[in-house]
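The values are calculated or read from the model by the stated rules, or taken from the named source; none is laboratory data. Because the structure is predicted, anything quoted here is derived from the model rather than measured. Glycine gets a Cβ as well: all are built from the backbone with ideal geometry, and neighbour counts include every protein chain shown.
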Amino acid sequence: MSDLYDLIIIGSGPAGMTAAIYAGRAELKTLLIERNPMGGGQIVNTYEVDNYPGLPGINGFDLGTKMSEHVDRFDIPRVEAEVQSLDLAGTEKSVQTDQGTYHAKCVLITSGNSPRKLGIPGEEELTGMGVSYCATCDGAFFKNRVTVVAGGGDVAVEDAIFLARGCSKVYLVHRRDQLRAAKMLQTALFAKENVEVLWDSVLTSVNGKDQVTSVTVQNVKTQESRDLPADGVFIAVGTSPNNSFYQNTGLELDQNGYIVAGEDGVTNLPGVFAAGDVRTKRLRQVSTAVGDGANAITSVLEYLI
């Protein structure tokens with residue numbers, strides 16, 4: 001069949017684009033399906049990528065652009081579409097999208113993950129009106145204003161550091177008495193005089209009518225609550241896999257909905273592979289996603305042979 005691809009890659013973050021590069025070098029007939037107009041995944045919203053080897057300090061937009069340009073060297077066709085469902089049974093797989101159905105011998109899922117929400121009053125209603133999940137995207141709107149960051153991991157601390165450069169005050173709200181972020185990030189955070197960490201605390205509501213005006217913070221030990229005036233709220237409490245299209249396909253998933261696959265990208269279904277943030281793994285970083293993409297194509301080639 002003229003429209004039967006060797007491989008369809010779903011997602012164009014670092015894992016998907018690395019896989020596309022390796023597939024292009026292997027001369028596989030490949031289709032790259034991406035949900036957004038620009039490839040790069042979450043890194044395009046990252047202010048600075050300081051731990052990608054050879055490119056210290058590069059911003060995420062530039063890194064994503066460079067990766068995308070590298071893919072283009074192999075003339076791999078791309079489709080901007082939303083994947084709706086998969087049929088992974090048999091030797092020919094089908095990928096149904098809002099732009100049509102595509103067929104391939106193999107499918108590589110690199111759909112990544114998305115920010116997790118708190119699920120508190122006001123969060124949904126005020127998203128885009130002071131509530132954000134990307135400090136590097138929206139932080140510039142809050143120059144000389146008061147902002148709140150929820151979370152205690154690397155992303156939350158990075159967000160607080162970034163916001164501290166322009167905001168008059170930044171509160172970091174964390175439910176525990178110590179941060180989970182890397183020590184280097186913690187050191188940088190604690191050096192910021194306009195950052196205050198609210199330990200053992202959680203946000204219980206975001207307040208305001210057409211714009212965020214305050215947040216309600218509760219101490220989990222004393223149960224005491226108080227309102228803090230704030231103009232912006234940045235939520236960084238982890239991620240969930242972008243898995244709406246691959247549930248009920250027979251793929252083995254872990255308890256959080258991530259695809260069970262090792263470093264080789266092999267899943268429980270023949271001809272179906274997973275790479276990057278969407279698979280079960282300990283560390284979700286650009287460097288590990290790139291390694292996943294390369295490994296997955298090696299597995300694809302072995303399967304096709």
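Residue pairs whose Cβ atoms lie under 7 Å apart, sitting 6 or more positions apart in sequence or on different chains, and linking a residue in the range 18-29 that is touching a residue at least 24 places away in the same chain (Cβ under 8 Å) to a partner that is surrounded by 22 or more Cβ atoms within 10 Å (Cβ to Cβ) and in a loop (DSSP other than H, G, I, E, B), are 19/110; 19/275.
Within the range 89-100, residues that are in contact (Cβ under 8 Å) with a residue 60 or more places away in the chain sit with their Cβ atoms under 8 Å from residues that are among the basic types (Lys, Arg), at 6+ positions apart or across chains, in these pairs: 91/105; 92/105; 93/105. Number of residues in the range 286-305 that are charged (D, E, K, R), touching a residue at least 60 places away in the same chain (Cβ under 8 Å) and out of contact with any strand residue (DSSP E or B) (no Cβ under 8 Å at 6 or more places or on another chain): the value is 0. Consider the range 225-250 and keep the residues that are closer than 30 Å to residue 144 by Cα and of a type in the set (S, T, N, Q). The one that is surrounded by the most Cβ atoms within 10 Å (Cβ to Cβ) is 239. Checking the condition loosely packed, with under 15 Cβ neighbours inside 10 Å, touching a residue at least 24 places away in the same chain (Cβ under 8 Å) and under 15 Å from residue 112 (Cα atoms), which residue from 36, 51 passes? Just a single option satisfies the conditions, and that option is 36. The requirement of being within 20 Å of residue 271 (Cα to Cα) and surrounded by fewer than 16 Cβ atoms within 10 Å (Cβ to Cβ) is fulfilled somewhere in the range 3-17, by at least one residue.
Does any residue of the range 227-236 turn out to be at pLDDT below 95 and either under 30 Å from residue 94 (Cβ atoms) or in a strand (DSSP E or B) (or both)? Scanning the range 227-236 turns up no residue that is at pLDDT below 95 and either under 30 Å from residue 94 (Cβ atoms) or in a strand (DSSP E or B) (or both).
Checked against the criteria, residue 288 does not count as more than 26 Å from the chain's Cα centre (by Cα), polar (S, T, N, Q), surrounded by fewer than 22 Cβ atoms within 10 Å (Cβ to Cβ) and not in a loop (DSSP other than H, G, I, E, B). For the range 251-285, a residue qualifies if it is crowded, with 17+ Cβ neighbours inside 10 Å, charged (D, E, K, R) and outside any helix (DSSP H, G or I), and the qualifying residues are 279, 281, 284. Search the range 136-151 for residues being closer than 19 Å to residue 228 by Cα and of a type in the set (Gly, Ala, Ser), and hand back the single one that is modelled with the lowest pLDDT. It comes out as 139. Looking across 261, 275, one residue alone is assigned by TED's automatic domain parsing to the domain that holds residue 104, at pLDDT 95 or above and over 21 Å from residue 46 (Cβ atoms). It is 261. Determine whether the range 181-201 contains at least one residue that is assigned by TED's automatic domain parsing to the domain that holds residue 122, in contact with a Leu (Cβ under 8 Å, 6 or more places away or on another chain), closer than 16 Å to residue 130 by Cβ and surrounded by 14 or more Cβ atoms within 10 Å (Cβ to Cβ). No, the conditions are met nowhere in the range 181-201.
Take the residues in the range 164-217 that are basic (Lys, Arg) and part of a loop (DSSP other than H, G, I, E, B); name whichever of them is nearest to the chain's Cα centre (by Cα). The residue in question is 180. Being exposed (fewer than 15 other Cβ atoms within 10 Å of the Cβ) and under 16 Å from residue 267 (Cβ atoms) is a property that does not hold for residue 110.
If you take the residues of the range 126-147 that are in contact with a strand residue (DSSP E or B) (Cβ under 8 Å, 6 or more places away or on another chain) and more than 30 Å from residue 281 (Cβ to Cβ), which of them is surrounded by the fewest Cβ atoms within 10 Å (Cβ to Cβ)? Per the stated criteria, the residue is 141.
If you take the residues in the range 223-262 that are polar (S, T, N, Q) and over 17 Å from the mean Cα position of the chain (by Cα), which one is farthest from residue 209 (Cα to Cα)? The selected residue is 249. Would you call residue 157 crowded, with 20+ Cβ neighbours inside 10 Å, within 19 Å of residue 230 (Cα to Cα) and under 22 Å from the mean Cα position of the chain (by Cα)? The answer is yes for residue 157. Being in a loop (DSSP other than H, G, I, E, B), acidic (Asp, Glu) and touching a residue at least 24 places away in the same chain (Cβ under 8 Å) is not true of residue 158.
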